[in-house]
Amino acid sequence: MVAEDAGRAPRRLHPITPFFAILTGARSSIPTALAILFGLWRADASGPAILAILGAGAAAMLFLCWLGWWRTTYRLTGDELVIDSGVLSRHRRVIPLERVQDIGIEQNPIQRLAGLARVRMETGGGGRDEALLDMVSLDEARRLRVVVRGEARAVAVDTAGEAAESDERLLYRLGVGALLLSGILSFSLFWVAAGFGLLQFVDDVTGYDLGDVFDWFQLHRADFTTGRLLLLPLVLILLGLVSGMISTLLRDFDFRLTLDRGRLRRVAGFLSRGESILAIPRIQLAVVRRAWLRGWLGYAGLSVQTLGGSDDPGGRHRIAPFVRDAKLAELMAVSGLPEFDPIGLRPVALAHVPRVFLKRGLLPSLALLALVLWLSAAWPVLLLIPAILGVALLQRRYHGYALYGHSLQVRRGVLTRRQWVLPYDRIQMVALHQSLTQRLFGVATILISTAGETGRERPDILDLNVAEARGVASSLIARI
Amino acid sequence: MALETISLELVSRGYLHVLRLQAVVHTLFYTAIAAVGDFAAWYIWDWPHGVIAGPVLLIGLWSILIAADRKWHRIGFAYTGRELHVGQGWLERIHSIVPIARIQHIDISRSLFERWFGVATLVVHTAGSAMTLPGLPHDEAEAIRDDIRPRLTAEPW
């Protein structure tokens, strides 16, 4: 190693890391271990011999994990973080500290018990997780944060973290009452679906398969009365309520957002408590989500997009999960973004209605018809078809865009209404897109590319008349 | 600048040859696989010769003789000095506009076929996404790159 200043010597992750690594690795090595056991059993090996072989295998794995830990070092050299890793082929990663945009400290339940943490730094160089230090002590994590934020002048390492925290201004906190309300309103069928997925998995293991279920349905078809079939949605709703409640409690428990010298800091979570920090100048755009039940009652969720992305769902930082409009306006102002203004929104072309129906509604409608033909007792589902048509009509009503003084604003979605606020200088690229059906209807979609974009929730403007789309695209380009 | 006034220029005719050659390579590849399938089907089930490879070959010929030309005709570009426009797509059309001030880095790539016909592919990357412009004459691609190079953004986004 090269000569280094005192205090900047290479450090390793916490010595407990290899033991955790072997625990997480154990799951994947179970099949191998079973195969070896089976082979030994076939070869009539004695009990002690089997134990000895398994023990030797475990020891070898532990040694490999330990070697991996021993060969992984990191050090801070003034303005860079250098991470060396690799047992045989060495890998060096150099991260200039001035390029670090966000630094997050996360803890899962086990890490909380052991006083350990995971430090994540994002530099926005395209790839994610550019620097990930899994398993360092909490004090070390705080020290790293202090150094990375350029606060190395602070006197003592362990008091610096505390001192920095006392400067912070609390912007938003989710109280227990609001958390419970938010939980009740977070009706979600996602976890129900996940549960069914798990059932499917269990079925696979037990050799029970979906065909049997189908046969069973065929056999008992006469037993399904309309009344009983109506019970099914009720059960689903109940499951959705309970699962929404639990997932909200786990995720948003004691959600706090603070402001400290131009940085937003968020701490939240019940079992695993994560902390993430982002610098306000890095914010690219804001998305306000008004999910149906909460939206109708006047609550919204605010997330912002930064270049480095985020581990939060959708790849954007959730900075407030459950706020009313007044608080929302305050948080937007802190983030340096103009407020969303629905007054000046312009509608998209009429052709958006048939396009939405063709794209999203046709297949479900046909599926419902087929279901009723097969199982006539299920006739109430036909009532859903007008609902699907209605949604297609509403899609256009709720879709709108506006080019204001400093920002493009877009609204989209019927049940979950999303509002984008995108300052013009954050637009990276604009494209006009026409699919075959769009060409028949004479409309085009404006695709807007931003830094750090992920997923489908982009501020695109769907189905504008071609002439209008051209006009909007050129004025967007002119304002960049 | 209004989009109506932007007229997209066709890319170099050399790129049409590149597209045709690529289609030839693909056709040979898939027809060879289909021929193996044909042979197996004849051997096992006594299928007549060419029931698989024939249609594959026909599609291949269509892609060489017709589709390549259509595709080439639909690629257009315009470099205004302030932004770069690229239009492409036959059934599904897309017209992308990249402001030069947003370009983070810029690549020129040349495959073997592209070198044979003296064309190059220009790839510009923004912090959001990248845009590809194929079929520029090599010297023109370099001229655009050299024009953009001093203006690459130093901002991290």
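The values are calculated or read from the model by the stated rules, or taken from the named source; none is laboratory data. Everything numeric here is computed off the predicted structure, so don't read it as measured data. Please note: Cβ atoms are built from the backbone with ideal geometry, for glycine as well, and neighbour counts cover all protein chains shown.
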(request) Among the candidates B:L16, B:L28, B:L84, B:L57, single out the residue that is within 14 Å of chain A (Cβ to nearest Cβ) and modelled with pLDDT of 90 or more. (result) B:L84
(message) Filter region A:238-270 down to the residues that are exposed (fewer than 13 other Cβ atoms within 10 Å of the Cβ) and over 25 Å from A:A333 (Cα atoms) and list them by number.
(response) A:L238
(request) Say whether the condition of being over 22 Å from A:L132 (Cβ atoms) and of a type outside the set (S, T, Y) is met by at least one residue in region A:64-85. (result) no
(request) Please go through region A:447-468 and pick out each residue that is outside any strand (DSSP E or B), among the aliphatic types (A, V, I, L, M) and either more than 24 Å from A:G413 (Cβ to Cβ) or more than 9 Å from every other protein chain (Cβ to nearest Cβ) (or both). (result) A:V466, A:A467
(request) Out of the residues in region A:412-446 that are of a type in the set (G, A, S) and facing chain B (nearest Cβ under 10 Å), state the one that is nearest to A:M332 (Cα to Cα). (result) A:A431
(message) Quick check on region A:72-108: of everything there that is within 14 Å of another protein chain (Cβ to nearest Cβ), in contact with a Ser or Thr (Cβ under 7 Å, 6 or more places away or on another chain) and outside any strand (DSSP E or B), which residue is farthest from A:R265 (Cα to Cα)?
(response) A:R99
(request) For A:L249, indicate whether it is more than 20 Å from A:R412 (Cβ to Cβ), in contact with a helix residue (DSSP H, G or I) (Cβ under 6 Å, 6 or more places away or on another chain) and assigned to a helix (DSSP H, G or I). (result) yes
(request) Return yes or no: is A:S303 touching a residue at least 60 places away in the same chain (Cβ under 8 Å), among the small types (G, A, S) and either in contact with a Gly (Cβ under 9 Å, 6 or more places away or on another chain) or not assigned by TED's automatic domain parsing to the domain that holds A:G400 (or both)? (result) no
(request) Working carefully through the options B:P156, B:P137, B:P99, find the one that is within 14 Å of chain A (Cβ to nearest Cβ) and at pLDDT 90 or above. (result) B:P99
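To keep it simple, each residue is scored yes or no on (1) without any contact (Cβ under 8 Å) to a residue 40 or more places away in the chain; (2) of a type in the set (A, V, I, L, M); (3) in contact with an Asp or Glu (Cβ under 9 Å, 6 or more places away or on another chain).
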site	(1), (2), (3)
A:P18	no, no, no
A:T24	yes, no, no
A:I50	yes, yes, no
A:G57	yes, no, no
A:C65	no, no, no
A:S85	yes, no, no
A:I105	no, yes, yes
A:N108	no, no, no
(request) For residues that are within 14 Å of chain B (Cβ to nearest Cβ) and not in a loop (DSSP other than H, G, I, E, B), scanning just region A:301-322, find the one that is surrounded by the fewest Cβ atoms within 10 Å (Cβ to Cβ). (result) A:G315
(request) Report yes if some residue within region A:376-395 is β-branched (V, I, T) and either loosely packed, with under 14 Cβ neighbours inside 10 Å or closer than 14 Å to A:P459 by Cβ (or both); otherwise report no. (result) no
